[in-house]
Every structure is written in C-alpha cells, then in structure tokens.
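A.B. asks: Okay, handing you the structure first.
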Amino acid sequence: MRLLILGAGGVGSAAARIAARRGFPTRVVVADYDVARADAAVAAVADERFAAARLDASDQAAIEELLAAERIDAVLGATDPRFTMPIFRAALARNVHYLDMAMSLSQPHPTDPYRSTGVKLGDEQFALADDWAASGRLAVVGMGVEPGLADVFARYAADHLFETITEAGVRDGADLTVSGPEGAFVPTFSIWTTIEECLNPPVIYERDRGWFTTEPFSEPEVFEFPEGIGPVECVNVEHEEVLLIPRWVDVDRVTFKYGLGAEFIEVLRTLHKLGLDRTEKVRLPNGTEVSPRDVVAACLPDPATLGDRMTGKTCAGLWVRGTGKDGQPRSTYLYHVVDNAWSMREYGTQAVVWQTAVNPIVALELIAEGVWTGSGVLGPEALAPDPFLELLAGDYGSPWGMEDR
C-alpha cells in the first residue's frame, strides 16, 4: 500500500512511527504545510520507504496532484478538522481510500442550539456517500480512538455481548499530569480541537427523538475508570460516535461524556466568555487579522512535545447497557488504556497522541490485506470488529479490556 499521511504534527508523526514497524506500507509520504515538521517525522523513523513533502491541506488541487504523482492508494487525514473536507474530496476525486480521525465540522442550530441540531458532524461527508459508493473505494470516517476504537467496541458489543442495547455511552478519562510551572494550564491534546468539541452543543441520540442537543458540560456523572485511574467526573461533549453508532448499531440511546476536570471546564468557559474560542478572524489595530482560537493555540505548548513531562494513563472506552445474549440485564465497559511511560519508552510519543494514532494504522493494514473491504462512507462500526481487536492486541501489542459493572 502506498500511503499519504497528511499532517505531521503529533498524531501524524506518531502514525508514521507506528506504520514504520509494519510491513504493509510500500511507500509512505508524510506531508505538512510546515515541511520541517514532515522532515522531522521522516527522520525519526529512518526508513527508506518514507519521504517528506510540503502540502497545504486546505488546497484540494494540490492534494490531488500529490496523490497522483505518488500513485497513492490511501490517504490518512491527521490534520485538525478544518481541513477534513479538502482531503476527503481530493481522495474521492483521485479514487483512493480515505481515513480520518475527525469528521467534517458541525454548525449549531441558528435559533435553538441547545435543543436542536444544525449541521451535524460528518453531514458534509455523508452528503457524498453515493459518490463514494460508486467509486468502489472506502472512506472510513472517525477512525481514531474516539471516534474510532470506541465505535469498534460498539459493533463488538452488538455482535457478541448484547441482544438489545439500551445505551451505548462513550466514557473517556485519564489521570495524566504534566509537570511545569505552578499554576500553568497545559492541555494534553490539541486545544483547537478541544475547544471545538467541548464548547459546541453536545449531541445525544435517542431512538424516539433522533439526534438532539443539550448545553455544554451537562449531565455530570462520576465514572470509575479501570487500571488504577479511578473516579473522574465526566460531562456531555459533542463527539462523532453519537453521530456514527446509530447508523449501524441497533441502540436506544448514545452519549459521549469526557472527563475534563473542573479546572479545564472553567478555562473553556472563560475563553468562551472572552470570545477567544472564535475561529472568525478579528482585525488588530495594526491591520493584522488573526483568529482568536489560533492565538490561544499558539500561546500554549504543543501537546505532542509534553510526553517527557507527563505521567499517568489515559482510558478510552464504551459503557454498554442492555440485555445480554443470555436474556439477562447486562452492563459492560469495553476499554483501552495506554500508560504514558510505556508509549514514551516504546515509541517516544505521549499516550493520548499514540492511542489516537495506532487505530487508523491498524485499519489501514486491514484494508491493505483485504480484510476490511467495501465502498462508501462508513464508520468503524460498519466493519468487522474481531480482526481489528485481534490485530490491535496481538501484533500491535496494545491489549484492550472488558469488565462487567
């Protein structure tokens, strides 16, 4: 498989490191607007199959040119979701497989944002589903960890564990800490993306209502995470799983709750009050135009560089409740934990970034080997979960867990 990884930041660089240990890629081009980042990602793997390129992810024509010049078979979008659609359209135009870890952006309902959906996550991509089906190529959307692995868990639970599912609830938490100046605010994942998903109206799915929204940080609950992480307060957050799981899994309710912590929530609320979460550019007195959110992101450290200052574990998982295959009530949490000490030792990559990056590489290997087949715009839950989970835990050495509650 000839692969393009578009975006050489933390997740893209980690994906390159993971792919370099696998035999299925015959050629990997790592591309970024900042070619120095692409060069660094390629230098880190020291593998003759890898090459760097400069590419603007907002320029669909330029993406198409590189796909054609390199005879690419599959493209992995590892950029922030602002650039999802140019990459998605370019892959369709050049008839190559496509994967992303963040779907096309939503737009809140113009008059009733905390009850009704506007443009939902992924709507722009699913609008092209017929074209992708006709192309004979796969567009696997939301194929990171969350979304991604959590969606694989939903399919596995429906196939093997549950006769009926009352609720599939993604629960994400960690006990990660970052050493640094006292009182400093240091997020462990992209602040640009975190602002997007945490301050937008969270989406909930219910069978009788379909998709609807609520207020940010609503319905707080304390969830007990496994492997020593312990209790973390989780709140509703907008996320792709809620838009994906009901399309392929028979379920009464789908939610996504994230363990942000009180300090993080307060910072996000303050940014919103000050208008610093906005993506629209503002004009400075000297005439320069800047996006407030881009300024916030530029003022904070790159989370991908914090691995040697981080300690603890991160957990992504799906809490499923309903009726088991034996006809009895069942409540099961399927999860994946990564210890930052392990990911730094094995890959030189911090835990949150590594956990996000490994899943699309597993998916690409399944596509390359003809295990995952088909065409169209598909979520991970539309494809067979067993080979994915076996490969993740086996050859990739990253086991997943399951516990009844």
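A.B. asks: Would you check which residues across segment 239-274 are open to solvent by 30 Å² or more (accessible area, probe 1.4 Å), assigned to a strand (DSSP E or B) and not charged (D, E, K, R) and list them?
C.D. replies: Tyr258
A.B. asks: Now for a different question. Out of curiosity, is Thr356 surrounded by fewer than 16 Cβ atoms within 10 Å (Cβ to Cβ) and either outside any loop (DSSP other than H, G, I, E, B) or of a type in the set (S, T, N, Q) (or both)?
C.D. replies: When the stated conditions are applied, Thr356 does not pass them.
A.B. asks: Let me ask something additional. Would you mention how many residues in segment 290-330 are in a helix (DSSP H, G or I), of a type in the set (A, V, I, L, M, F, W, C) and free of Cβ contacts under 8 Å to residues at least 24 places away in the same chain?
C.D. replies: Residues meeting the conditions: 3.
A.B. asks: Do we have any residue at all in segment 331-350 that's open to solvent by 50 Å² or more (accessible area, probe 1.4 Å), touching a residue at least 24 places away in the same chain (Cβ under 8 Å) and closer than 24 Å to Val141 by Cβ?
C.D. replies: no
A.B. asks: Do you know which of the residues in segment 105-131 that are surrounded by fewer than 22 Cβ atoms within 10 Å (Cβ to Cβ) and touching a helix residue (DSSP H, G or I) at 6+ places or on another chain (Cβ under 7 Å) is farthest from Ser13 (Cα to Cα)?
C.D. replies: Asp131
The rows are residues; the columns are (1) free of Cβ contacts under 8 Å to residues at least 40 places away in the same chain; (2) open to solvent by less than 50 Å² (accessible area, probe 1.4 Å); (3) in contact with a Ser or Thr (Cβ under 8 Å, 6 or more places away or on another chain).
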residue: Val35; (1), (2), (3): yes, no, no
residue: Leu55; (1), (2), (3): no, yes, no
residue: Ala62; (1), (2), (3): yes, yes, no
residue: Leu66; (1), (2), (3): no, yes, no
residue: Ala69; (1), (2), (3): yes, no, no
residue: Asp73; (1), (2), (3): no, no, no
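A.B. asks: Among the listed residues Phe212, Phe217, identify the single one that is modelled with pLDDT under 95, of a type outside the set (Ser, Thr, Tyr) and either under 17 Å from the mean Cα position of the chain (by Cα) or open to solvent by less than 30 Å² (accessible area, probe 1.4 Å) (or both).
C.D. replies: On inspection, the qualifying residue turns out to be Phe217.
A.B. asks: Is it the case, given these coordinates, that Lys281 is open to solvent by 70 Å² or more (accessible area, probe 1.4 Å), more than 23 Å from the chain's Cα centre (by Cα), modelled with pLDDT of 90 or more and among the basic types (Lys, Arg)?
C.D. replies: Yes: the conditions hold for Lys281.
A.B. asks: When you go through (1) modelled with pLDDT under 90; (2) within 20 Å of the chain's Cα centre (by Cα); (3) not acidic (Asp, Glu) one by one for Pro246, which number turns out not to apply?
C.D. replies: Tallying (1) modelled with pLDDT under 90; (2) within 20 Å of the chain's Cα centre (by Cα); (3) not acidic (Asp, Glu), Pro246 fails exactly one: (1).
A.B. asks: Moving to a separate point now. For Thr255, only one of the following conditions fails: (1) modelled with pLDDT under 95; (2) among the hydroxyl-bearing types (Ser, Thr, Tyr); (3) in contact with a strand residue (DSSP E or B) (Cβ under 9 Å, 6 or more places away or on another chain). What is its number?
C.D. replies: That leaves (1) as the condition not met.
A.B. asks: Can you tell me how many residues in segment 37-51 are surrounded by fewer than 18 Cβ atoms within 10 Å (Cβ to Cβ) and farther than 29 Å from Gly370 by Cβ?
C.D. replies: 4
A.B. asks: Residues in segment 260-271: is at least one in contact with a Cys (Cβ under 9 Å, 6 or more places away or on another chain), in contact (Cβ under 8 Å) with a residue 40 or more places away in the chain and within 18 Å of Glu167 (Cβ to Cβ)? Please lay out each step first, then the result.
C.D. replies: From segment 260-271, those in contact with a Cys (Cβ under 9 Å, 6 or more places away or on another chain) are 260, 264-265, 268; that's our starting set.
With the extra rule that they be in contact (Cβ under 8 Å) with a residue 40 or more places away in the chain, the set shrinks to 260, 264-265, 268.
If we keep only those that are within 18 Å of Glu167 (Cβ to Cβ) as well, we get none.
Among the residues of segment 260-271, not one is in contact with a Cys (Cβ under 9 Å, 6 or more places away or on another chain), in contact (Cβ under 8 Å) with a residue 40 or more places away in the chain and within 18 Å of Glu167 (Cβ to Cβ), which makes the answer no.
A.B. asks: Here's another thing I want to ask about it. Has segment 203-212 got at least one residue that is of a type outside the set (A, V, I, L, M), part of a loop (DSSP other than H, G, I, E, B) and touching a residue at least 60 places away in the same chain (Cβ under 8 Å)? Quick ask: steps written out before the conclusion?
C.D. replies: Taking segment 203-212 as the starting set, the residues that turn out to be of a type outside the set (A, V, I, L, M) are 205-212.
Next cut, part of a loop (DSSP other than H, G, I, E, B) only: 207-209.
Filter once more, so that each one left must be touching a residue at least 60 places away in the same chain (Cβ under 8 Å): none.
No, every residue in segment 203-212 fails to be of a type outside the set (A, V, I, L, M), part of a loop (DSSP other than H, G, I, E, B) and touching a residue at least 60 places away in the same chain (Cβ under 8 Å).
The values are calculated or read from the model by the stated rules, or taken from the named source; none is laboratory data. What you see is a predicted model; the values in this text were computed from it and never measured. Ideal geometry is used to build each Cβ from the backbone, glycine not excepted, and the neighbour counts take in all protein chains shown. Note: areas computed on protein heavy atoms with side chains; ligands, DNA, RNA excluded. Shrake-Rupley method; radii C 1.70, N 1.55, O 1.52, S 1.80 Å.
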